[in-house]
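Contents: one structure, followed by commentary.
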């Protein structure tokens with residue numbers, strides 16, 4: 001009988017140790033997720049700051065962006081030199097990839113809705129007509145659908 005009691009006590013201690021380990025693991029996973037979210041926000045901030053500084057300091061890109069800031073019709077693109085047109089394409093493609101990445105992060109739960117709506121959606125609304133006007137298209141289907149929604153280009157079920 002004493003042997004049975006020791007066995008039961010040892011099993012109970014083992015079960016409690018497993019439960020305690022699982023609780024510790026859950027706490028650690030939450031801390032890791034919080035750290036990853038903070039790291040993701042930091043990376044986005046560094047990316048945004050770097051991009052803004054490049055544009056501000058660029059003797060080539062800033063004037064192109066100013067010249068082509070005329071809306072979705074983008075007649076000003078026609079007057080760009082071939083080199084400036086290529087610079088604009090590369091810039092807009094880079095920004096599009098960045099916003100696609102932010103959209104993916106938002107879908108994956110690594111970006112909160114407030115930040116996403118205030119920055120990404122606002123930027124996509126402003127810049128998507130420009131990249132589409134020069135023939136750039138979104139790579140990921142999910143991102144294209146999101147851009148269509150932001151721009152109000154969502155096809156109806158009748159189409």
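The values are calculated or read from the model by the stated rules, or taken from the named source; none is laboratory data. Everything quoted here is computed from the prediction, not taken from an experiment. As a convention, Cβ positions derive from the backbone with ideal geometry for all residues, glycine included, and neighbour counts pool all protein chains shown.
The rows are residues; the columns are (1) surrounded by fewer than 10 Cβ atoms within 10 Å (Cβ to Cβ); (2) over 28 Å from residue 141 (Cβ atoms); (3) in contact with a helix residue (DSSP H, G or I) (Cβ under 6 Å, 6 or more places away or on another chain).
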position	(1), (2), (3)
51	no, no, no
54	no, yes, no
58	no, yes, no
63	no, yes, no
84	no, yes, yes
106	no, no, yes
111	no, no, yes
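The residues listed here are 44, 3, 30, 87; of these, the one that is under 23 Å from residue 133 (Cα atoms) and part of a helix (DSSP H, G or I) is 87.
Hey, among 17, 24, 82, 43, which residue is over 29 Å from the mean Cα position of the chain (by Cα), modelled with pLDDT of 75 or more and closer than 23 Å to residue 110 by Cα? Quick ask: steps written out before the conclusion?
Working: 17 fails: closer than 23 Å to residue 110 by Cα; 82 fails: closer than 23 Å to residue 110 by Cα; 43 fails: over 29 Å from the mean Cα position of the chain (by Cα).
Testing whether each residue is over 29 Å from the mean Cα position of the chain (by Cα), modelled with pLDDT of 75 or more and closer than 23 Å to residue 110 by Cα leaves just 24.
Any residue at all in segment 1-12 that is surrounded by 12 or more Cβ atoms within 10 Å (Cβ to Cβ) and modelled with pLDDT under 80? Please lay out each step first, then the result.
To start, the set of residues in segment 1-12 that are surrounded by 12 or more Cβ atoms within 10 Å (Cβ to Cβ) comprises none.
No - not one qualifying residue is present in segment 1-12.
Which of the numbered conditions does residue 96 fail, given that it passes all the others? Conditions: (1) in a helix (DSSP H, G or I); (2) more than 20 Å from residue 56 (Cα to Cα). For residue 96, the exception is condition (2).
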